[in-house]
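The block underneath contains the structure these notes are about, expressed in structure tokens.
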Amino acid sequence: MMSGTGAASPCPSCGEAMAVRRLDRKPVGEASVDLCIACRALWFDGFESPQLAPGATLELLRAIHDAEREPVRPLRARLACPRCSGTLALTRDLQRTTRFSYFRCARGHGRFTPFIEFLLEKDFVRPLPPREIERLKAAVRTVRCSGCGAAIDLASDAACRYCRAPVAVLDPDALSRTVASLTDAEAKRHRIDPGAWADAILASERQRSQDVRGSRGDAAADALFAAIGFGATALDILFGSR
């Protein structure tokens, strides 16, 4: 995974240039994710969020953690798509059993996801159920929103009035499990399984034999080009099955 600079896009909320992170995506390639540290949100083009490689998700977790030291700017009521300037629509979604939300471009250009909602989507935090919110009310009256930093009055609200983020809690056990799972998945992406490699070669050989039988009568291909074609097919099968 990599981070770097590229063409800066305006933040849908504050309009300032967002920082660009170039990250690995599944199965191969890169995704350019934009971050607005002040607004505590991420811009994903198209379907980049579910396509992030495990290591890329961990990289964004580190960026979100580092942003805690920076000043917070509440999200505006109207959020504009950085590609077409159209108004982004609040969208509810579900990841396993966890509900989260983001602001989506109606033309499909992408989505604007507050940090806290990204953490919910990736199972780093969990929303507090009503019973736990009632217990929290007995101890404190207001809490600071993890999404935009605004105050949440627990007596009347179960979510932030500015960025609509729910009251959520960092679950140490869940965080450890998620980080361990992502770390293991990232390691597997860079590990070649000998069994899979052998299966890929055998499948490639079967395909090559079928092609030869189907093209009898044609001039024999150059041995070098045949070998290159064989190797490329094996690699395609191996990594395409991941």
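If I ask for residues that are hydroxyl-bearing (Ser, Thr, Tyr), more than 19 Å from Leu79 (Cα to Cα) and either at pLDDT below 70 or part of a loop (DSSP other than H, G, I, E, B) (or both), which ones from region 147-180 would you list? I'd like the intermediate steps shown before the answer.
Let us first name the residues in region 147-180 that are hydroxyl-bearing (Ser, Thr, Tyr), namely 156, 162, 176, 178.
Cutting the leftovers down to more than 19 Å from Leu79 (Cα to Cα) gives us 156, 176, 178.
Ser156 - this is the single residue of region 147-180 that is hydroxyl-bearing (Ser, Thr, Tyr), more than 19 Å from Leu79 (Cα to Cα) and either at pLDDT below 70 or part of a loop (DSSP other than H, G, I, E, B) (or both).
Looking at region 31-43, is at least one residue in contact with a strand residue (DSSP E or B) (Cβ under 6 Å, 6 or more places away or on another chain), open to solvent by 20 Å² or more (accessible area, probe 1.4 Å), part of a strand (DSSP E or B) and not hydroxyl-bearing (Ser, Thr, Tyr)?
Checked against the condition, which is being in contact with a strand residue (DSSP E or B) (Cβ under 6 Å, 6 or more places away or on another chain), open to solvent by 20 Å² or more (accessible area, probe 1.4 Å), part of a strand (DSSP E or B) and not hydroxyl-bearing (Ser, Thr, Tyr), region 31-43 yields no hits at all.
Which one is farthest from the chain's Cα centre (by Cα), of the residues in region 42-53 that are aliphatic (A, V, I, L, M) and either at pLDDT below 95 or over 18 Å from Cys11 (Cα atoms) (or both)? Step through it out loud before you land on a result.
As a first pass, look at region 42-53 and keep what is aliphatic (A, V, I, L, M): 42, 52-53.
Pick out the ones that are also either at pLDDT below 95 or over 18 Å from Cys11 (Cα atoms) (or both) and you get 52-53.
Numbers: Leu52: 4, Ala53: 8 Å.
This residue is Ala53.
Tally the residues that are closer than 18 Å to Phe100 by Cβ and in contact with an Asp or Glu (Cβ under 8 Å, 6 or more places away or on another chain), restricting the search to region 17-35.
Qualifying residue count for the region: 1.
Scan region 44-68 and report the pairs whose first residue is under 16 Å from Met18 (Cβ atoms) and whose second residue is among the aromatic types (Phe, Trp, Tyr) and open to solvent by less than 20 Å² (accessible area, probe 1.4 Å), with Cβ atoms within less than 6 Å and a gap of 6+ or a chain change.
Ile64/Phe115
Among (1) more than 23 Å from Asp93 (Cα to Cα); (2) under 10 Å from the mean Cα position of the chain (by Cα); (3) open to solvent by 40 Å² or more (accessible area, probe 1.4 Å), which single condition is Glu16 missing?
With (1) more than 23 Å from Asp93 (Cα to Cα); (2) under 10 Å from the mean Cα position of the chain (by Cα); (3) open to solvent by 40 Å² or more (accessible area, probe 1.4 Å) applied to Glu16, the lone miss is (2).
All but one of (1) open to solvent by 70 Å² or more (accessible area, probe 1.4 Å); (2) assigned to a strand (DSSP E or B) hold for Pro50, so report the exception by its number.
(2)
What number of residues in region 94-123 are in contact with a helix residue (DSSP H, G or I) (Cβ under 9 Å, 6 or more places away or on another chain) and not in a helix (DSSP H, G or I)?
Going through region 94-123 one residue at a time, the tally reaches 11.
Listed residues Val28, Val72; which is over 15 Å from Phe115 (Cα atoms), open to solvent by 30 Å² or more (accessible area, probe 1.4 Å) and outside any strand (DSSP E or B)? Reasoning before the result, please.
Details: Val72 fails: over 15 Å from Phe115 (Cα atoms).
Only one candidate passes the filter, namely Val28.
Residue-by-condition table, conditions (1) touching a Ser or Thr at 6+ places or on another chain (Cβ under 8 Å); (2) of a type in the set (A, V, I, L, M, F, W, C):
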| position | (1), (2) |
| --- | --- |
| Ser13 | no, no |
| Asp24 | no, no |
| Ala31 | no, yes |
| Ala56 | no, yes |
| Leu61 | no, yes |
| Glu70 | no, no |
| Arg104 | yes, no |
| Pro114 | no, no |
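Take Arg126 and decide whether it is touching a helix residue (DSSP H, G or I) at 6+ places or on another chain (Cβ under 7 Å), open to solvent by 80 Å² or more (accessible area, probe 1.4 Å), farther than 16 Å from Ala63 by Cα and not polar (S, T, N, Q). Before you say what the answer is, go through the steps one by one.
Details: touching a helix residue (DSSP H, G or I) at 6+ places or on another chain (Cβ under 7 Å): yes; open to solvent by 80 Å² or more (accessible area, probe 1.4 Å): yes; farther than 16 Å from Ala63 by Cα: yes; not polar (S, T, N, Q): yes.
Spelling it out, Arg126 is indeed touching a helix residue (DSSP H, G or I) at 6+ places or on another chain (Cβ under 7 Å), open to solvent by 80 Å² or more (accessible area, probe 1.4 Å), farther than 16 Å from Ala63 by Cα and not polar (S, T, N, Q).
Restricting the search to region 114-142, which residues are more than 23 Å from Ser176 (Cβ to Cβ) and under 27 Å from the mean Cα position of the chain (by Cα)?
Pro114
Is it true that Thr91 is closer than 21 Å to Met18 by Cα, open to solvent by less than 60 Å² (accessible area, probe 1.4 Å) and not in a helix (DSSP H, G or I)? Walk me through how you get there before you give the answer.
Values: closer than 21 Å to Met18 by Cα: no; open to solvent by less than 60 Å² (accessible area, probe 1.4 Å): yes; not in a helix (DSSP H, G or I): yes.
Answer is no for this residue.
The values are calculated or read from the model by the stated rules, or taken from the named source; none is laboratory data. If you're wondering where the values come from, they're calculated on a predicted model, not measured in any experiment. FYI the Cβ positions are ideal-geometry reconstructions off the backbone, even for glycines, and counts take in every protein chain you see. Quick note on the areas: whole protein, heavy atoms, side chains included, nothing else; ligands and nucleic acids left out. Shrake-Rupley method; radii C 1.70, N 1.55, O 1.52, S 1.80 Å.
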